[in-house]
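Q: One structure follows; several queries about it will come next.
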Amino acid sequence: MNLRQRVMAVLEAMRDLDLAELEIRIGSERVSLRRAGMSAARAPTDLPAAAKPDEPAGHLVRAPLAGTFFATPKPGDPAFVQVGQQIREGDLVGLVEAMKVFNEVLADVDGRVARILVRSGDGVAAGQPLLRVDADATTSGGYP
């Protein structure tokens, strides 16, 4: 696949995922793409609460902003969370680095980590799902 075909495939994926912008980093190389006619100012809170058909079921912990996702505090350290791990609202589950600032990604629900949807070092968009959590009604503070 040549470079043009790769870029077209990425743009098609952006359209399918309804992403306004995407940043890709590989080592010291960085590419930023923005779709014309899309509003980059759409906040993650504008996203529907229910999962889209191409998103996994369950509660999704989303990236608070665009940047690079990190699953560990530093290289070689254990990950903040593992699949199957019980988490509580407010637990640190990852970091998103943007403009040389590391921003905490906090769990917004109690439950068990069912799936980690991105790898450490992946570029993520604001609002992009990072983890799927099977919410635990007995510990979520909700009413029976």
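Q: Amide H to amide H under 5 Å from H59: which residues, 5+ apart in sequence or cross-chain, H placed 1.01 Å off N in plane?
A: V133, A135
Q: Follow-up. For N103 and Q82 in one chain, what is 0.36 nm times their gap in residues minus the Cα-Cα distance, to one decimal in nm?
A: Separation in residues times 0.36 nm, less the Cα-Cα distance, equals 5.6 nm.
Q: In addition: Can you bin region 76-115 into rounded, prolate or oblate? Criterion: square roots of the alpha carbon gyration tensor eigenvalues sorted a ≥ b ≥ c, rounded for a/c under 1.5, prolate for a/b above b/c, oblate for the rest. Spell out each step's value before the answer.
A: Values: a/c = 2.88, a/b = 1.60, b/c = 1.80.
Judged from the Cα gyration tensor, region 76-115 comes out oblate (a/c at least 1.5, b/c at or above a/b).
Read-outs throughout are calculated quantities, based only on the coordinates presented, and are distinct from any laboratory measurement. Just so it is clear, the structure is predicted and the values come from calculations on it, not from any experiment.
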